[in-house]
Amino acid sequence: MIKHLLKLAFTALLFSHTTSVAEVNDAEEMIRFTDKANKIEQWRRGTTKRFDTFEQFFLNAGGRAYTGAGYLFDIKNNHWLSYEEAIKVAPDLKDLIVNQEYTINITTEELLAFTNIQVPTNTLYVYLYFDRPVDAKKKTYMFAEQYSVDPAVEKLLIKNYERRKRFALTMQKHATIPWYLIEIPLIEFKPQ
């Protein structure tokens, strides 16, 4: 009888441990971009190296820096596409492009240096998705440490996770447009 009770207790303990590990792995997908997620989403990767350079880039262009947002750039013509221009190139990107006008004058070389990406030869357009800022030491998204205690943060992380995955799945249909997830480290982030 005691052996049977011990066996049941051990099985329950093992099951509860396995369940909690599965929950942590799901949470991990939301609080940081993982290799597991990238196997499904297939992003090419880049980084702005610092938060302040990311923010300043868009401020200099007369706009606001958005995270969890995408843009289309014309490599051949050194041209940052407006929302209207981008959806003419690929109408199904209408929900994947920031709908704000920018006058961004940047060469392809400057863009590649800013985002730290390498573009395949004979590429006409690249899609840039600026992911949520990442704490370089913890390798987690900004505010992710509040995930377990703040429902608003959890909702934000889930929304970001779902949006990024949806964007990647849409971009997989565009064989001629490489898509890049640009990480934004919190280095030099100054809360206002």
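The values are calculated or read from the model by the stated rules, or taken from the named source; none is laboratory data. Owing to the predicted nature of the structure, the values given are computational and were not obtained by experimental measurement. Cβ atoms come from the backbone with ideal geometry, glycine included; neighbour counts cover every protein chain shown. In case anyone asks, the SASA skips ligands and DNA or RNA and just uses the protein heavy atoms, side chains included. Shrake-Rupley method; radii C 1.70, N 1.55, O 1.52, S 1.80 Å.
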To the nearest 10 Å², what's D52's accessible area with a 1.4 Å probe?
50 Å²
Any idea how far apart A61 and E84 come out in nm if each label point goes 7 Å out from Cα toward Cβ?
1.8 nm
So how do F143, F73 rank on accessible area, 1.4 Å probe, biggest first, that is with the largest at the start?
F143, F73
Entries of K36/K159; K36/K94; K139/K173; K88/K155; K88/K159; K49/K76 with Cα pairs more than 21 Å apart
K36/K94; K139/K173; K88/K155; K88/K159; K49/K76
Listed by chain and number, the residues whose amide H is under 5 Å from that of A69, excluding neighbours fewer than 5 places away on the same chain and using placed H, are F130
Heavy-atom accessible area order for R32, R166, R64, R132, largest first, 1.4 Å probe
R64, R166, R32, R132
How fast does the stretch 76-179 diffuse by Stokes-Einstein, in µm²/s, taking the Kirkwood radius from C-alpha pairs at 4 °C and 1.567 mPa s?
82 µm²/s
Counted charge near V89, where neighbours are those whose Cβ lies closer than 14 Å (Asp, Glu -1; Lys, Arg +1)
0
Under the definition of Cα pairs under 8 Å and six or more residues apart, what whole-number percent is the relative contact order of the stretch 46-192?
36 percent
Students sometimes get this wrong: rank V89, V149 by accessible area, probe 1.4 Å, all chains present, largest first.
V149, V89
Any idea of T123's accessible area? Nearest 10 Å², probe 1.4 Å.
10 Å²
So if we plug the beta-carbon distance of K39 and F189 into 1/(1 + (r/R0)^6) with R0 = 30 Å, what FRET efficiency do we get, rounded to 0.05?
0.55
